[in-house]
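A short worksheet on the structure shown next.
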Amino acid sequence: MQEAGSGLEGVVVADTRLSDVDGEAGRLVIAGSRVEALAASVPFEEVVRRLLGDEAGEGDLGAARLRAWPRVARLVDALAMKDGMDALRACAATLDVAAPVDIIGAVSVFVAANARVRMKREPLPPNPAARHAPDTLRMMTGATPGDPSAKAIDAYFVTVVDHGMNASTFTARVIASTGSDPTSAVTGAIGALKGPLHGGAPGPVLDMLDAIGSAERAEEWMASELDAGRRIMGMGHRVYRVRDPRAAVLEREVQRLEAAGVASGRLALARAAERAAERALAVRHPERPLRANVEFYTAVLLEALGVPRESFSPVFAAARVAGWCAHVAEQKRVGRLIRPSSRYVGATPQA
Ligand code: COA
């Protein structure tokens, strides 16, 4: 039996056709393709089709965003919540639709509307003719992204769409396994993604780069953080023992953006910070490689695209929701309750 409190590493809880994470080799396969190839050439819409097939539901994502838009006017209180993930959780909980296409469309509309409300601007309606990821960005920033930015946000959505049995996906599958509805599964998954050990790290990565300020201070900053017993955000992973392959994909996207004149101004600092963090962590944890994870360059990329940092985790959710929906559908087909065991270590009754 797995040691209690171990975090369930190595325990297989499902057979899946959706994605495969090889943590030793640093290899991620999504719907039969390597993440590097998917991000380079396959649009998010097509990846959703490969993950969900006919189970996606009727119509395309553009039409689904448009169907979700009238909900924004009815969600004033939820959309005004300060924390973007709280707002998204509250909005998602109101969904009365079951088709994945509608859930994915609505999440994108909610995420963008919450970003606008936080900027004290009016939410913007979707453009059903536009592609899903670039339209999500436009609804948020108010500017139609040019080709390099549209390509970069699409590559980001594809890169993070699914990732094995991560905490939020497992949450969604557990909820689906009880026979509950997709709204409940997605709402629960949003709650799991909110945590800084899972999807909540990219905002803090940017805070870290702000605090470091310049490349030559990176080494000293890392040492003082680790001396204070704090974790370096964007570093380390439960499964990867090498650099997260998604970090390389997103780093390349930032590089492409910079080459196209959409400067992040952060790439050099981020690379210096990553090297310094790697060195400092190698000294303190020689037993365990702690390298950059997906969130490190997520922060740099989303900032370059004009996404406000409070919306980094919600934008992650806007992409990952497609993976959650695919896992919910897969779990429904399994049709068996997920119900593990615990070891009782409490008091023994006297009689
Ligand atoms: N910075 C500093 N130390 C770290 C670290 C980090 N980013 N990640 C792991 N460690 C240390 C832990 O403190 C622990 O040290 P200890 O044994 O002396 O207590 C050791 O490495 C093992 O950590 P553990 O908590 O068992 O690893 P995990 O598999 O549970 O953690 C993460 C994986 C992702 C939760 C962890 O690496 C982390 O907290 N990273 C920062 C948050 C982050 O970037 N999250 C996004 C993930 S995609």
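Could you tell me, in Å, what Rg and Dmax come out for the Cα atoms of the chain?
Gyration radius and largest Cα-Cα distance of the chain: 20.2, 76 Å.
In whole percent, how big is the carbon plus sulfur part of the accessible area of the chain, probe 1.4 Å, protein atoms only?
Details: 8330 of 15780 Å².
Ligands and nucleic acids excluded, carbon and sulfur give 53 percent.
If R₀ is 30 angstrom, what is the calculated FRET efficiency for the pair H285 and S342, using the beta carbon separation as r and rounding to 0.05? Walk me through the intermediate numbers first.
Details: r = 29 Å, r/R0 = 0.98.
The calculated FRET efficiency here is 0.55.
Report, in whole Å, the centroid distance computed from the Cα atoms of the range 1-78 and the range 307-325.
11 Å
Rounded if a/c is under 1.5, else prolate if a/b beats b/c, else oblate: with a ≥ b ≥ c from the C-alpha gyration tensor eigenvalues square-rooted, which is the range 117-224?
Oblate is the answer for the range 117-224, as a/c is 1.5 or above yet b/c matches or exceeds a/b.
Inverting the mean 1/r over all pairs of different Cα atoms, compute the Kirkwood radius of the range 1-125 and quote it in Å. Can you show the working numbers first?
Values: mean 1/r = 0.0584 Å⁻¹.
By the Kirkwood definition, the hydrodynamic radius is 17.1 Å.
Could you size up the charge dipole of the range 124-263 around its Cα centre, putting +1 on the beta carbon of Lys and Arg and -1 on that of Asp and Glu, and report it in debye to the nearest 20? Write down the numbers at each step before the final one.
Working: 14 positive and 16 negative charges, 96 e Å.
I would put it at about 460 debye.
So what is the accessible area of the range 169-264 per residue, in Å², with the probe set to 1.4 Å? Present the calculation step by step, with values, prior to reporting the outcome.
On the way: 3960 Å² over 96 residues.
Per-residue value: 41 Å².
Accessible surface of I232 in the full protein assembly, 1.4 angstrom probe, to the nearest 10 Å²?
10 Å²
Assuming R0 = 22 Å, what is the FRET efficiency of Q255 and A211, from their Cβ-Cβ distance, to the nearest 0.05?
FRET efficiency, Q255 to A211: 0.40.
Using 0.36 nm per residue of separation minus the Cα-Cα distance, give me the extension gain between A248 and R27 in nm, one decimal. Write down the numbers at each step before the final one.
On the way: separation 221, 0.36 × 221 = 79.56 nm, distance 1.14 nm.
Going from the current span to full extension adds 78.4 nm.
Rank A268, P349, L75 by how far each Cα sits towards the positive end of the charge dipole of the chain (+1 on Lys, Arg Cβ; -1 on Asp, Glu Cβ) and give me just the farthest.
The residue sitting most towards the positive pole is P349.
Tell me which DSSP H helices of the chain clear both cut-offs, 20 Å or more of axial length from alpha-carbon atoms and a mean Kyte-Doolittle hydropathy of at least 1.0.
Values: long enough: 61-74 (21 Å, -0.14); 100-118 (27 Å, 1.12); 245-259 (21 Å, -0.51); 267-284 (25 Å, 0.28); 312-334 (33 Å, 0.39).
Helices meeting the span and hydropathy rule in the chain are 100-118.
Between A93 and L8, with labels modelled 7 Å along Cα→Cβ, what's the label distance in nm to one decimal, could you check?
Calculated label separation equals 2.2 nm.
So, counting K/R as plus one and D/E as minus one, what does the shell of residues with Cβ under 12 Å around V205 add up to?
Neighbour charge sum, excluding V205 itself: -2.
State the answer as a single residue: which of A326, I338, F312 lies farthest towards the positive end of the charge dipole of the range 296-351, with beta carbon charges of +1 for Lys and Arg and -1 for Asp and Glu, about the Cα centre.
Result: I338, furthest along the dipole toward the positive end.
Rg/Rh for the range 292-351 to two decimals, with Rh computed the Kirkwood way over all alpha-carbon pairs.
Details: Rg = 20.5 Å, Rh = 15.7 Å.
Rounded to two decimals, Rg over Rh is 1.30.
Only residues of the range 87-114 count here: report those whose backbone N is under 20 Å from the spot 7 Å along Cα→Cβ of T144, or say none.
Under 20 Å, as judged by backbone N against the label point of T144, lie 109, 112-113 of the range 87-114.
Out of the GluC sites (Glu not before Pro) in the range 31-69, which ones are loop residues according to DSSP with at most 13 other C-beta atoms within 10 Å?
Numbers: sites: E36, E45, E46, E55, E58; in loops: E58.
Here the GluC sites (Glu not before Pro) that fit, given the DSSP loop and packing criteria, are E58.
With every protein chain left in place, what is the accessible area of T141 in Å² (1.4 Å probe, nearest 10)?
Result for T141: roughly 40 Å² accessible.
The values are calculated or read from the model by the stated rules, or taken from the named source; none is laboratory data. Quantities reported herein were computed from a predicted structural model and do not represent experimental measurements. No Cβ is skipped: glycine too gets one built from the backbone with ideal geometry, and neighbour counts run over all protein chains shown. For the accessible areas, the whole protein counts, side chains as well, though only heavy atoms, and no ligand, DNA or RNA atoms are used. Shrake-Rupley method; radii C 1.70, N 1.55, O 1.52, S 1.80 Å.
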